[in-house]
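Read-outs throughout are calculated quantities, based only on the coordinates presented, and are distinct from any laboratory measurement. For clarity, every value in this text was computed on a predicted model and none was experimentally measured. Here the Cβ is made from the backbone with ideal geometry for all residues, glycine too, and neighbour counts use every protein chain on show.
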Ligand SMILES: [Zn+2]
């Protein structure tokens with residue numbers, strides 16, 4: 001009994017000690033806070049309230065009072081850059097990078113930030129110079145990533161290949177898709193400069209790097225076509241069907257043109273009609289429609305679209321159906337247009353208005369939508385993020 005009472009007395013004592021310890025911590029915190037200038041908290045408050053202008057003013061004041069606080073300078077530099085004030089960001093980071101008393105890791109950090117400032121300011125040479133000084137150390141991989149971005153902007157594909165290879169070992173990440181695309185870019189340059197052998201060599205390397213790359217066979221076809229070897233070109237393009245059929249619509253117009261130049265438009269039509277029965281139909285509809293119209297006139301095109309509407313109804317097929325009908329009626333009509341053809345033309349116009357901007361390629365990384373197909377997204381600069389399939393979105 002006595003024992004239990006003793007413990008009951010001890011309990012408040014333990015709580016009391018805890019309270020004193022907490023108070024001691026609080027006091028210490030308050031005294032530490034006293035060492036920080038008021039402007040620091042003012043700046044922090046502005047930042048939290050998303051008032052970066054006022055935050056910058058407050059932090060500049062702190063930096064003036066205490067020039068030793070490197071963290072604050074880094075924070076300021078980042079704020080300046082984010083707000084597009086690259087000149088001020090460059091000044092802050094330059095000061096840090098040239099400070100003799102700065103420890104090596106922080107100097108490297110400053111160089112890395114400076115490289116990004118220059119890149120943002122469009123001073124690509126200087127950005128490269130700053131980042132290339134970070135070949136080893138904790139910022140090596142990050143600097144290399146920014147350098148790769150820079151080489152892509154500059155279209156320095158050879159340097160981009162080297163940087164991607166180094167990143168592959170530094171980060172243990174796969175860059176083969178990108179490297180194959182850089183080889184394709186070099187091949188395209190060579191093709192434009194009328195150096196087909198160089199182009200073929202680069203495309204061979206692209207395929208070695210990434211056998212799934214579809215741009216290489218497309219470009220190999222282009223090289224053959226440029227040399228006048230249309231059967232060879234067709235062979236490359238049609239082979240895409242066995243590699244990744246989803247990309248066939250990207251070469252459909254090229255295939256039709258090549259068959260046309262060889263006087264074999266019938267073969268092009270057979271090829272397209274066959275594909276319209278599969279799941280690539282929405283992508284190939286326009287090419288098939290145009291080819292049919294050219295070869296068999298409005299009647300043939302109307303029949304093809306009617307067949308397509310029965311098989312796979314879509315707004316686009318309906319639009320082309322009325323276009324073909326209106327074209328047929330216009331060709332038949334000798335005098336003034338009758339009521340029926342006026343009606344057909346009105347429906348066609350309405351549908352055309354509705355479907356004009358319907359189909360768009362969409363980047364799966366950033367959602368950027370584009371009328372043209374891109375291997376590198378203009379929105380987020382990533383490679384092969386567009387599926388070769390356009391999505392229909394009714395506004
Ligand atoms: Zn994107």
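The table below gives the values:
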read-out: Likely footprinting exposure, 135, 305, fewest C-beta neighbours within 10 Å first; value: 135, 305
read-out: Spacing of the two label points (7 Å from each Cα toward its C-beta) at residue 338 and residue 310, in nm; value: 2.5 nm
read-out: The stretch 250-317 - percent relative contact order, Cα under 8 Å, separation 6 or more; value: 23 percent
read-out: Between helix 86-98 and the chain: long-axis angle, C-alpha atoms, 0 to 90°, nearest 10; value: 50 degrees
read-out: Percent RCO, i.e. relative contact order, over the stretch 174-239, from Cα pairs under 8 Å lying at least 6 residues apart; value: 29 percent
read-out: Calculated log₁₀ intensity ratio I(q)/I(0) where the Debye formula runs over C-alpha points of the stretch 62-210, q = 0.15 Å⁻¹; value: -0.80
read-out: Mean separation of Cα contacts under 8 Å, 6 or more apart, over the residue count of the chain: relative contact order %; value: 6 percent
read-out: Between the stretch 172-236 and the stretch 286-319, the Cα center-to-center distance that results, in Å; value: 34 Å
read-out: Hydrodynamic radius by Kirkwood, which averages 1/r over all alpha carbon pairs of the stretch 252-293, in angstrom; value: 10.0 Å
read-out: Cα→Cβ-extended label distance, 7 Å offset, between residue 87 and residue 277, nm; value: 6.8 nm
read-out: Nearest 10 degrees, 0 to 90: helix 104-121 Cα axis against the chain principal axis; value: 40 degrees
read-out: The stretch 174-239 shape via C-alpha gyration tensor axes, a/c threshold 1.5; value: oblate
read-out: Surface/4 estimate of mean projected area, convex hull on alpha-carbon atoms of the stretch 122-232, nm²; value: 7.6 nm²
read-out: Three-way shape label, the stretch 215-321, alpha-carbon gyration tensor, a/c 1.5; value: oblate
read-out: On Cα atoms only, tilt of 252-261 relative to the major axis of the chain in degrees; value: 30 degrees
read-out: Taking N as its residue count, the alpha carbon Rg of the chain over 2.2 N^0.38 Å; value: 1.55
read-out: Rounded to whole Å, sorted largest first: equivalent-ellipsoid semi-axes of the stretch 273-395, Cα gyration tensor; value: 33, 16, 11
